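Step one of this worksheet: look at the structure below.
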Ligand code: 13P
């Protein structure tokens, strides 16, 4: 049986020791990041920042793919090469965020449903022409006293599955991202229960919409206590609980799981991934890797601060985090390597 292009792309996205750089912040979100370094949110600055990230030397050794925002997919790098082609020339697969955001959900106070299905097939066809080979859609599940509701979990699962089916038909590998937020004071046990429920609904919906599991990548959040919960679990408990949920809920046909960082500190996001790969050690049906936004970019953004003179420093910071997470993806990270 010949392996299809979509299967090959999905496998390449989670290849051994490689992970994904999520650089698909919308114009609003990148504005917030720029505010923290006093850089104005102009197209030229967004382009210069992404250029700094993507031209880091040797990035393709640890980064399999980069998720882009539509504006970046259409922009050229400073040397005039379109960004998707620049990435491809470094052996990095270009991807595209295709959802149009998490919007307040009718009759479900405090909850959101992610939009963007209308006209999606046509947009995907165009993104493929521009060089994209995979896509991302982020669903958001908030934990609170009486939420998430079943309505929210099922509406988001259905939308994720419809998106994934449309992507596969148009020739893009879908990253299916159901994020259970870290915001709140909930316990790790509650996060585990909700993550399990959300993933159960997502795989049910994927099956119903005929999505080919071999042609997708799952991007979940880790099982972690809420940010303001007074009891925070240690690294091994997070790893054990996350693996327990994944083993129960993720079919072996899925080639890989690439976690989001969700607001964890850079080093914790790396340590958690590493602990899971050490625990799993060759006995897991899927690859376990990273698809981090903040946990790959934070240090780089701070080192860059919008100045051309700081490009080397910014790239150095990104390369360091990419190397640390690449080691974590094979269970060979050690915290003392952070000092080097
Ligand atoms: P974080 O790693 O910053 O959570 O971002 C990943 C992402 O792509 C969220 O959609």
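The values are calculated or read from the model by the stated rules, or taken from the named source; none is laboratory data. What you are looking at is a predicted structure, and each value in this text was computed from that prediction instead of being measured. Neighbour counts run over all protein chains shown; Cβ positions are idealised from the backbone, glycine included.
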Of the residues 115, 126, 43, 70, only one is in contact (Cβ under 8 Å) with a residue 12 or more places away in the chain, over 27 Å from residue 203 (Cβ atoms) and surrounded by fewer than 16 Cβ atoms within 10 Å (Cβ to Cβ); which? 43
Quick check: is even one residue across segment 200-208 within 22 Å of residue 20 (Cβ to Cβ) and touching a strand residue (DSSP E or B) at 6+ places or on another chain (Cβ under 6 Å)? yes
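Need at least 3 residues that are modelled with pLDDT of 95 or more and within 16 Å of the ligand (Cβ to nearest atom) per element, so show me which helices (runs of 4 or more DSSP H) inside segment 105-217 make the cut, counting only ones lying wholly within it. Please lay out each step first, then the result.
Values: elements: 120-129, 150-170, 188-208.
It comes to 150-170, 188-208.
Just to be sure before I move on: is residue 238 more than 24 Å from residue 57 (Cα to Cα), in contact with a helix residue (DSSP H, G or I) (Cβ under 9 Å, 6 or more places away or on another chain) and within 16 Å of the ligand (Cβ to nearest atom) in the structure I sent?
yes
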Determine if segment 5-17 includes at least one residue that is on the phi > 0 side of the Ramachandran plot, out of contact with any strand residue (DSSP E or B) (no Cβ under 7 Å at 6 or more places or on another chain) and not in a helix (DSSP H, G or I). yes
Go through (1) part of a helix (DSSP H, G or I); (2) within 13 Å of the ligand (Cβ to nearest atom) one by one and return the number of the condition residue 258 breaks. (1)
Subset of segment 89-103 (residues that are within 16 Å of residue 69 (Cα to Cα) and outside any loop (DSSP other than H, G, I, E, B)): 93, 94, 95, 96, 97, 102
Could you tell me how many of the residues in segment 46-67 are touching a strand residue (DSSP E or B) at 6+ places or on another chain (Cβ under 7 Å) and either free of Cβ contacts under 8 Å to residues at least 60 places away in the same chain or assigned to a strand (DSSP E or B) (or both)? 7
Filter result (in contact (Cβ under 8 Å) with a residue 60 or more places away in the chain and more than 9 Å from the ligand (Cβ to nearest atom)) within segment 261-272: 267, 270, 271
Kindly establish whether residue 333 is within 16 Å of the ligand (Cβ to nearest atom) and touching a residue at least 60 places away in the same chain (Cβ under 8 Å). no
Residues located in segment 280-309, provided they are more than 30 Å from residue 248 (Cβ to Cβ) and surrounded by fewer than 17 Cβ atoms within 10 Å (Cβ to Cβ): 302, 305, 306, 307, 308, 309
Looking at residue 322, is it assigned to a helix (DSSP H, G or I), under 29 Å from residue 246 (Cβ atoms), within 16 Å of the ligand (Cβ to nearest atom) and touching a strand residue (DSSP E or B) at 6+ places or on another chain (Cβ under 7 Å)? yes
Within segment 261-279, restricting to residues that are more than 13 Å from residue 329 (Cα to Cα) and under 15 Å from the mean Cα position of the chain (by Cα), the one that is surrounded by the fewest Cβ atoms within 10 Å (Cβ to Cβ) is 263
Being in contact (Cβ under 8 Å) with a residue 40 or more places away in the chain and either more than 12 Å from the ligand (Cβ to nearest atom) or in a helix (DSSP H, G or I) (or both) narrows it down to one residue among 309, 275, 313; which is it? 275
Which one of these does residue 303 not meet: (1) under 22 Å from residue 29 (Cα atoms); (2) out of contact with any strand residue (DSSP E or B) (no Cβ under 9 Å at 6 or more places or on another chain); (3) within 16 Å of the ligand (Cβ to nearest atom)? (3)
